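The values are calculated or read from the model by the stated rules, or taken from the named source; none is laboratory data. Here the structure is a predicted model, which means the values were calculated and not measured. Please note: Cβ atoms are built from the backbone with ideal geometry, for glycine as well, and neighbour counts cover all protein chains shown.
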């Protein structure tokens with residue numbers, strides 16, 4: 001290796017961790033316990049200067065480079081064997097400006113960090129469904145969440161990004177500065193650089209009227225058909241999605257239903273609280289419920305409500321698809337495979353991506369699903385590695401059953417490692433432009449440990 005690790009230690013303020021250092025094993029661990037890799041070095045960056053030095057070190061030594069934020073990458077792109085891990089997790093500051101309704105957040109923040117900071121000012125923006133998810137990975141892939149229908153995707157609320165590019169430069173990307181890079185970052189994943197800071201537009205969302213409804217499996221068809229029709233015309237303040245879920249042992253669920261697979265509906269009303277009960281009433285009447293917990297709550301509480309079902313250390317294998325319609329055939333596939341959930345941690349969600357998401361033109365950002373209405377994720381998650389073969393088969397069989405009723409491509413943030421061959425389908429008409437921008441900012445494809453877009457030519 002041309003440049004010794006000691007020279008890297010001299011250039012960075014954060015901790016530089018190798019296999020000889022105490023804490024190496026915890027530092028190399030990622031969210032998906034199916035992934036067990038041993039990088040040469042892990043750099044826990046404390047500022048953009050550390051990120052610049054780490055990028056230079058990886059490039060100059062021709063080493064694989066993984067960029068880690070929240071560490072939730074299901075394919076394990078936040079680590080590698082024998083290369084460099086640029087870990088942003090120490091960088092978790094958030095500064096809110098309530099006058100302009102904006103917030104600047106460091107690249108290592110989770111949505112829990114972000115929501116805590118903005119809630120104090122009665123503000124929020126579209127984040128994910130789990131609070132431990134990193135803002136970086138979710139945003140760069142698009143950013144679907146509870147507030148999407150009313151506020152747009154996370155990328156639709158991105159104002160600027162601080163980026164370290166493959167040549168070690170620090171750039172600011174906005175609509176008026178490095179515009180091509182800014183376009184690519186909004187949906188193009190981690191292909192174009194290390195984003196050390198994100199600036200977001202915020203919305204006046206503080207408390208929401210939200211919760212979860214559980215329905216018996218024999219009424220799942222009614223729930224899915226209701227959702228298909230209702231979500232098209234529902235007020236945009238209504239977010240939420242149907243799901244299949246094994247009922248966990250929670251006090252509001254009758255003991256007779258706990259441990260059973262059920263159809264669920266997770267709902268979020270972000271409009272005036274006094275209108276929340278009325279807004280959610282149609283969900284309650286879609287079919288008889290066996291349990292429900294619906295109440296006013298702080299938005300950060302909703303964003304963390306499902307965290308306990310997906311702790312670190314589970315085995316993960318996911319698949320995803322887009323669709324313009326939730327067809328009868330798709331519903332039939334859900335009814336066949338959804339009830340076969342392999343563990344209480346596993347789930348299937350069918351997210352809506354209409355409303356404000358559709359008001360952004362297809363070519364305005366790299367996200368290519370503007371004409372889609374639904375994004376499905378089949379999230380296989382379970383604790384026992386001995387069950388991997390059967391549980392992976394459940395995810396794959398479910399996905400194959402949905403394919404005839406889905407569009408080509410899917411949501412980049414929910415894809416597995418074996419979906420990399422579909423990358424052109426994911427970006428559709430935006431792919432060629434992304435490849436040209438990749439050639440401009442990363443001609444050597446340093447940032448390839450991701451759902452990769454090779455440079456054009």
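Just a few scattered comments:
To keep it simple, each residue is scored yes or no on (1) surrounded by 23 or more Cβ atoms within 10 Å (Cβ to Cβ); (2) under 21 Å from residue 392 (Cβ atoms).
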site	(1), (2)
27	no, no
43	yes, no
47	no, no
55	yes, no
64	no, no
67	yes, no
75	no, yes
84	yes, no
87	yes, no
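- Members of the stretch 418-430 that are surrounded by fewer than 19 Cβ atoms within 10 Å (Cβ to Cβ) and either in contact with a helix residue (DSSP H, G or I) (Cβ under 6 Å, 6 or more places away or on another chain) or not in a helix (DSSP H, G or I) (or both): 424
- For the stretch 239-257, a tally of residues being within 23 Å of residue 377 (Cα to Cα) and not in a strand (DSSP E or B) returns 2.
- Test: residue in the stretch 270-285 that is under 20 Å from residue 129 (Cβ atoms), under 23 Å from the mean Cα position of the chain (by Cα), modelled with pLDDT of 95 or more and surrounded by 14 or more Cβ atoms within 10 Å (Cβ to Cβ): yes
- Residue within the stretch 329-337 that is free of Cβ contacts under 8 Å to residues at least 40 places away in the same chain and surrounded by 16 or more Cβ atoms within 10 Å (Cβ to Cβ) present: no
For every residue, the table says whether it meets (1) surrounded by fewer than 22 Cβ atoms within 10 Å (Cβ to Cβ); (2) over 13 Å from the mean Cα position of the chain (by Cα); (3) at positive phi.
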{"residue": "120", "(1), (2), (3)": "yes, yes, no"}
{"residue": "132", "(1), (2), (3)": "yes, no, no"}
{"residue": "138", "(1), (2), (3)": "no, no, no"}
{"residue": "155", "(1), (2), (3)": "no, no, no"}
{"residue": "160", "(1), (2), (3)": "yes, yes, no"}
{"residue": "164", "(1), (2), (3)": "no, yes, no"}
{"residue": "184", "(1), (2), (3)": "no, yes, no"}
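- Residue 209 passes every criterion in (1) buried (at least 23 other Cβ atoms within 10 Å of the Cβ); (2) within 30 Å of residue 62 (Cα to Cα) apart from (2).
- Any hit, the stretch 369-378, residues being at pLDDT below 95, surrounded by 24 or more Cβ atoms within 10 Å (Cβ to Cβ) and in the same structural domain as residue 318 (by TED's automatic domain parsing): yes
- With respect to being in the same structural domain as residue 358 (by TED's automatic domain parsing), under 19 Å from residue 352 (Cβ atoms) and not in a strand (DSSP E or B), residue 277 falls outside the description.
- Count of the stretch 70-103 residues, restricted to those that are more than 18 Å from residue 16 (Cα to Cα), in contact (Cβ under 8 Å) with a residue 40 or more places away in the chain and in contact with a strand residue (DSSP E or B) (Cβ under 8 Å, 6 or more places away or on another chain), is 8.
- Which listed residue is surrounded by fewer than 20 Cβ atoms within 10 Å (Cβ to Cβ) and within 19 Å of the chain's Cα centre (by Cα), from 225, 179, 199, 257: 199
- Residues of the stretch 307-323 that are surrounded by fewer than 18 Cβ atoms within 10 Å (Cβ to Cβ) and in a loop (DSSP other than H, G, I, E, B): 311, 312, 313.
- Single match in 386, 356 (criterion: outside the structural domain of residue 184 (by TED's automatic domain parsing), buried (at least 16 other Cβ atoms within 10 Å of the Cβ) and outside any loop (DSSP other than H, G, I, E, B)): 356
- Residues of the stretch 122-142 that turn out to be touching a strand residue (DSSP E or B) at 6+ places or on another chain (Cβ under 8 Å) and either assigned by TED's automatic domain parsing to the domain that holds residue 414 or in contact (Cβ under 8 Å) with a residue 60 or more places away in the chain (or both), as a count: 10
- The stretch 233-250 - residue that is under 21 Å from the mean Cα position of the chain (by Cα) and within 17 Å of residue 261 (Cα to Cα) and, of those, surrounded by the most Cβ atoms within 10 Å (Cβ to Cβ): 242
- Condition check for residue 16: in contact with a strand residue (DSSP E or B) (Cβ under 6 Å, 6 or more places away or on another chain), at pLDDT 95 or above and either farther than 23 Å from residue 133 by Cα or in the same structural domain as residue 163 (by TED's automatic domain parsing) (or both): yes
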